[in-house]
Amino acid sequence: MPTTMQALVVREPNVLEISEVPVPEPGPNEVLARVRAVSICGTDAHLIRGDYPNFWPPAFPFIPGHEWAGEIAALGPGAERFGFAVGDRVAGTSHDACGVCRECVEGRYNLCENYGREGLHRQYGHNVQGADATYVVHGVKCIFPLPDALTFEDGALIDPASIALHVANRGNITPGDTVAITGAGTIGLLAGDAALIRGAGRVIVVGRGYRLDKAAALGFETVDSGAGDPVGAVRELTGGSGADVVLECAGVPDTVQWALGMLRRGGRCAAVGIPTVGVEIAMQRLVLDELELVGSRASAGEMRRVMPLVEQGRMRVREMVTHRFALADYAEALATFNDRASGAIKIIVTP
Ligand SMILES: [Zn+2]
Ligand SMILES: [Zn+2]
């Protein structure tokens, strides 16, 4: 086992460096994994820009990355009791919650009351070291065996797929529902698949540019938000009544307001996009039309559940991958991700 490794180190906002850093050591109930594929998430781009000061990350320098797959290289004390062994192929997710607080015990570990408390909770790639490195340490609660039929690239997209399933679950989609999705990025597109898995009768994706073209290529109905009023367009497509459920997957003020605006009376919006500014909401309509608006944070129990859906091609993660880069070229990979003319949806980085 080498003692140092290559890692993407964000020195300060927007200052990236590929550095040689010590290989971390797995503690009790943790493993050290050799990262084989890690994908760039919108949250990574925000975090590198310094959009969440003193929170994600709590301080610079910092190693991001939280959507990854790889193989176990070493076990910390006790990890073998959970059935893990060196060489196991696994997919990672970010929330390593305390397991003891009320939210954790009730299965909502994404809402752990001990969030970020030293020794009790970690979120890899957000408040502790992430997977943009040759090796990463993860607690056994955050790694999931990868079926043989899935590649490491597929594995790197299990975390976003689980988040897409979570937002569809939070939307309480029932069979036959008309579901609108604001945002045609990876989460929006995979949320379309998740809506179909839950039995949606129609899925309408609202977005623009090549990402909306992708939504159409995947077979979803589309509304071009750059071509006029998207709320009116969704209402028109639904005979004037609006969507039963909206999954808000973009996280900017306009899309949040559109999402509520295109709901039918009594409809429900689940929001997974995280705005970086406050958003004004039409409370009068929310009250008088009994709209429901719920948040959806990461995932909680969906990692295992999405794997067979990916295997069956019902959660189409492979369709998302547009670019591949070596870790050494991360700056170029990130620039491609941020360039709305690049055609990038999901970018895989290989350490
Ligand atoms: Zn992510
Ligand atoms: Zn907890």
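If a residue must be of a type in the set (V, I, T) and assigned to a helix (DSSP H, G or I), how many such residues does region 119-143 contain?
1
Quick one: in region 109-125, which of the residues that are more than 18 Å from V136 (Cα to Cα) and surrounded by 16 or more Cβ atoms within 10 Å (Cβ to Cβ) is nearest to ligand 2 (Cβ to nearest atom)?
My answer is C112.
Specify the residue that is nearest to the chain's Cα centre (by Cα); the eligible residues are those in region 129-164 that are of a type in the set (V, I, T) and within 17 Å of E319 (Cβ to Cβ).
Once the filter is applied, the top-ranked residue is I163.
Test D148 against the criterion of being over 28 Å from V277 (Cβ atoms), away from ligand 1 (no atom under 16 Å from the Cβ) and either open to solvent by 10 Å² or more (accessible area, probe 1.4 Å) or of a type in the set (A, V, I, L, M) (or both), and give yes or no.
For D148, the condition - over 28 Å from V277 (Cβ atoms), away from ligand 1 (no atom under 16 Å from the Cβ) and either open to solvent by 10 Å² or more (accessible area, probe 1.4 Å) or of a type in the set (A, V, I, L, M) (or both) - is met.
Which strands (runs of 3 or more DSSP E) sit wholly inside region 238-320 and have at least 3 residues that are open to solvent by less than 60 Å² (accessible area, probe 1.4 Å)?
243-248, 263-271
Hey, among V223, V206, V167, which residue is aliphatic (A, V, I, L, M), over 19 Å from the mean Cα position of the chain (by Cα), open to solvent by less than 50 Å² (accessible area, probe 1.4 Å) and at pLDDT 95 or above? Outline the logic, then answer.
Numbers: V206 fails: over 19 Å from the mean Cα position of the chain (by Cα); V167 fails: over 19 Å from the mean Cα position of the chain (by Cα).
Criteria check complete, one pass: V223.
Test each condition in (1) open to solvent by 60 Å² or more (accessible area, probe 1.4 Å); (2) farther than 21 Å from H121 by Cβ; (3) at pLDDT 95 or above for L16 and report the one that comes out false.
(1)
Scan region 99-112 and tell me whether some residue there is touching a Phe, Trp or Tyr at 6+ places or on another chain (Cβ under 6 Å), within 26 Å of T43 (Cβ to Cβ) and modelled with pLDDT of 95 or more.
No, region 99-112 has no match at all.
Cβ contacts < 6 Å: first residue closer than 15 Å to A216 by Cα and modelled with pLDDT of 95 or more, restricted to region 176-197; second residue part of a helix (DSSP H, G or I) and of a type in the set (F, W, Y), any location; separation 6+ or different chain. Result?
Listed pairs, sorted by first residue: T182/W258.
Scan A91, A164, A133, A156 and give me the residue that is within 16 Å of ligand 1 (Cβ to nearest atom), out of contact with any Phe, Trp or Tyr (no Cβ under 7 Å at 6 or more places or on another chain), closer than 30 Å to A184 by Cα and not basic (K, R).
A164
For region 272-307, how many residues meet the condition of being within 18 Å of the chain's Cα centre (by Cα) and either closer than 24 Å to V245 by Cα or without any contact (Cβ under 8 Å) to a residue 12 or more places away in the chain (or both)?
17
Can you pull out every residue in region 132-172 that is within 16 Å of ligand 2 (Cβ to nearest atom) and touching a Ser or Thr at 6+ places or on another chain (Cβ under 7 Å)?
Going through region 132-172, the residues within 16 Å of ligand 2 (Cβ to nearest atom) turn out to be 139-142.
If the condition is that a residue be within 16 Å of ligand 2 (Cβ to nearest atom) and touching a Ser or Thr at 6+ places or on another chain (Cβ under 7 Å), then C142 is the only one that fits.
For region 101-118, what are the residues that are closer than 21 Å to P58 by Cβ and assigned to a loop (DSSP other than H, G, I, E, B)?
Those that are closer than 21 Å to P58 by Cβ and assigned to a loop (DSSP other than H, G, I, E, B): C101, C112, E113, N114, Y115, G116, R117, E118.
Which of (1) away from ligand 1 (no atom under 16 Å from the Cβ); (2) small (G, A, S); (3) over 14 Å from V137 (Cβ atoms) is the odd one out, the single condition G76 does not satisfy?
Answer for G76: the failing condition is (3).
Are any residues in region 1-14 more than 29 Å from L75 (Cα to Cα) and free of Cβ contacts under 8 Å to residues at least 24 places away in the same chain, and if so, which ones?
Hits for region 1-14: nothing passes.
Among the residues of region 32-55, which ones are open to solvent by 10 Å² or more (accessible area, probe 1.4 Å) and within 23 Å of D339 (Cβ to Cβ)?
C41, G42, T43, H46, R49, G50, D51, Y52
Taking the conditions exactly as written (away from ligand 2 (no atom under 16 Å from the Cβ) and touching an Asp or Glu at 6+ places or on another chain (Cβ under 7 Å)), does T178 satisfy them or not? Working first, answer last.
Working: away from ligand 2 (no atom under 16 Å from the Cβ): yes; touching an Asp or Glu at 6+ places or on another chain (Cβ under 7 Å): yes.
The answer is yes for T178.
The values are calculated or read from the model by the stated rules, or taken from the named source; none is laboratory data. Being a predicted model, the structure only gives us computed values, none of them experimental. Cβ: placed from backbone, ideal geometry, glycine included. Neighbour counts: every protein chain shown. The area values use the complete protein model at the heavy-atom level, side chains included, leaving out ligands, DNA and RNA. Shrake-Rupley method; radii C 1.70, N 1.55, O 1.52, S 1.80 Å.
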